[in-house]
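Written out below as structure tokens is the structure these notes cover.
Where a number appears in this text, it was derived from the coordinates with a stated rule and is not lab data. Computed from a predicted model, the values in this text were never measured in an experiment. With ideal geometry, Cβ positions are generated from the backbone for all residues, glycine too; neighbour counts draw on all protein chains shown.
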Amino acid sequence: MNSIERKKAKPRLVQLLDETKYFKCTVCGIGKIQRGYRFRHQQYVPKYVPPILEPVCRKCVYRECFGSKNYKKEMKEGSLDGEI
Ligand SMILES: [Zn+2]
């Protein structure tokens, strides 16, 4: 990706949904009662905008953002909470 394409590329999206309710996570498929997230990976390839996933559970959002090695630490710190 060149620098112009990088500027137009979509950044990562993490949005906490308003409601606490029962839902099935679109990533892990497990049913949970919590506030879900709307999530989209950062765009890496110019012609491919990753799909928006919704609802995604908290664990999956952190795992997608930080990788399976680091997400537990980030979850404890709540580093995505409140991000829009
Ligand atoms: Zn999940």
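Quick rundown of the values:
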| read-out | value |
| --- | --- |
| Residues being of a type outside the set (D, E, K, R), closer than 12 Å to residue 52 by Cβ and either touching a strand residue (DSSP E or B) at 6+ places or on another chain (Cβ under 6 Å) or surrounded by fewer than 11 Cβ atoms within 10 Å (Cβ to Cβ) (or both) - total across segment 18-41 | 3 |
| Residues located in segment 29-49, provided they are within 16 Å of the ligand (Cβ to nearest atom) and farther than 20 Å from residue 78 by Cα | 29, 30, 31 |
| Residues (surrounded by 11 or more Cβ atoms within 10 Å (Cβ to Cβ), more than 23 Å from residue 10 (Cα to Cα) and more than 14 Å from the chain's Cα centre (by Cα)) located in segment 42-84 | 70, 72, 73 |
| Answer from 36, 67, 29 - the residue that is among the small types (Gly, Ala, Ser) and assigned to a strand (DSSP E or B) | 36 |
| Residues located in segment 50-79, provided they are among the hydrophobic types (A, V, I, L, M, F, W, C), away from the ligand (no atom under 13 Å from the Cβ) and touching a Lys or Arg at 6+ places or on another chain (Cβ under 6 Å) | 52 |
| Selection within segment 1-25 - under 19 Å from residue 75 (Cα atoms) and within 15 Å of the ligand (Cβ to nearest atom) | 14, 16, 17, 25 |
